[in-house]
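Undergrad: A single structure is presented below for examination.
All of the numbers you see were taken from the coordinates with simple rules; none came from a lab. Everything numeric here is computed off the predicted structure, so don't read it as measured data. Methodologically, a virtual Cβ is constructed for each residue, glycine included, from the backbone with ideal geometry; neighbour enumeration extends over all protein chains shown.
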Amino acid sequence: MPAVEAKTMNCSVLLSLHYVPTVWEAIDAFGSIGSILMGVTGITTLAVLALFVKESMYLLQHWPFQYCFLTLLCLNAFPFAAGGFFVSMIFPRLAEVSKSLILLYLHASLLMYFRLVIAYGDGDKNMLRKLYGREMVLQGPPLCCLCFCCPKVPLTRRKFYFVKLAIYQFAVMPLLLTVMKCIGIEYGFITQGYNLSPYNAALYISTISSVSIMFGVYGLMVFSRTAAAPMKDFKIIHKFTVLQASFILIRIQLIIFDVVGQAGAFPCFYPISSAITGHYISSAVIITEVFILALIAHVVFLHPPPYMIHLVVPLANSNSPGSQIVDLTS
């Protein structure tokens, strides 16, 4: 058999068997191009980590610990994603584990954003008091087509409860679905690739995941728009936008590159299949985008407290050094 045909056959077999090369196989196959790619992405990943260290130092110096801690959990999405994808490039057999952990943390980071805004409002009860009766803008992605004609309704205790429910399920559901996916793969209920058979449990898991994401992102969007006006000095919309952008870009690009790679559209050179080539390209692209988003988040999140959340002032009717707590966010 000619060498070209043998090479083509090997690539097809690798793709059909979902073969993942070892570290040394990947290094030998990519050669100098792979070394340059790893060097550039490594430097970019270090830059993202350096930004996070600088942000940590600033927040610890200027913000109370509660707000600092929640903000760092949000900002940690960028070094976590960049580091995870870089590790998956060095150790390709850890790619699926890295991607799963990154996606889980992206969900968690948006939940931490929600808790951060609640902390800005001094807790759930006080936040509800501040937002009670304010108009909820229901038009917006990702349910803009369904809610295009929805009127603006006032926020009530029950509506606030359903918004919180949508956001919390957005963080918990991916963990449950990941466990179900692992069990399905172990017992043969899930087949690799894009098999739309009704007997493939991956189809139902993907459907549930998509619905969960839509309602979760929609709940965060409605909440952010409702809370933006009374808490405008905290730049809530800007913070949500940059975190949402990282979540959406990473998820969409992983799907696109995986589909194109499984279709055999990327270059293949033994023992690197088209899917593995797509993984390396997508990882490099995502790390670059994460660096850009980290720079934007650096500007958006690093601002001094617009005013003290609670201010201790002397009692007006007393000459003693007593004090009372005044909430300036009301």
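Undergrad: Please list the radius of gyration and Dmax for the range 1-111, considering alpha-carbon atoms only, with Å as the unit.
TA: 19.4, 70
Undergrad: When a/c is below 1.5 the answer is rounded, else prolate if a/b is larger than b/c, else oblate, so apply that to the range 163-230 with a ≥ b ≥ c taken from the square roots of the Cα gyration tensor eigenvalues.
TA: It is prolate, given that a/c is not under 1.5 and a/b is the larger ratio.
Undergrad: Under a plain spin-label model, where a point goes 7 Å from the Cα along Cα-to-Cβ, how far apart in nm are Lys125 and Phe91?
TA: The answer from the label model is 4.7 nm.
Undergrad: Could you give me D for the range 197-267, from Stokes-Einstein at 25 °C and 0.890 mPa s, where the hydrodynamic radius is the Kirkwood radius over C-alpha pairs? Units µm² s⁻¹, please.
TA: So the translational diffusion coefficient is about 166 µm²/s.
Undergrad: Please give me the summed charge of the neighbours of Val137: other residues whose Cβ is under 9 Å from its Cβ, Lys and Arg +1, Asp and Glu -1.
TA: Neighbour charge sum, excluding Val137 itself: +1.
Undergrad: Under a crude label model (7 Å from the Cα following the beta-carbon direction), how far is Arg157 from Val299 in nanometres?
TA: Calculated label separation equals 4.3 nm.
Undergrad: Which entries in Lys99/Lys239; Lys99/Lys232; Lys99/Lys159; Lys54/Lys130 show an alpha-carbon gap greater than 31 Å?
TA: Lys99/Lys232; Lys99/Lys159; Lys54/Lys130
Undergrad: I'd like the distance separating the alpha-carbon centroids of the range 151-167 and the range 87-121, in whole Å.
TA: The range 151-167 and the range 87-121 have Cα centres separated by 26 Å.
Undergrad: OK, next. Compute the signed sum of charges (Lys and Arg +1, Asp and Glu -1) over the other residues within less than 15 Å, Cβ to Cβ, of Gly84. Working shown, then result.
TA: Numbers: positive: Arg93, Lys99, Arg251; negative: Glu96, Glu289.
Neighbour charge sum, excluding Gly84 itself: +1.
Undergrad: Let me ask something else. What is the sum of charges around Ala95, taking Lys and Arg as +1, Asp and Glu as -1, for the other residues whose C-beta is under 15 Å from the C-beta of Ala95?
TA: My count for the surroundings of Ala95 gives -1.
Undergrad: Can you give me the Cα centroid spacing of the range 59-74 and the range 196-237 in angstrom?
TA: So the two Cα centres are separated by 25 Å.
Undergrad: Please give, to one decimal in nm, the separation of the simple spin-label points placed at Ile183 and Ile292, each 7 Å out from Cα toward the Cβ.
TA: For the pair Ile183/Ile292, the computed spacing is 4.1 nm.
Undergrad: Straight-line reach from Lys181: which aspartates and glutamates have Cα under 13 Å away, leaving out those fewer than 8 places along the same chain?
TA: Glu96
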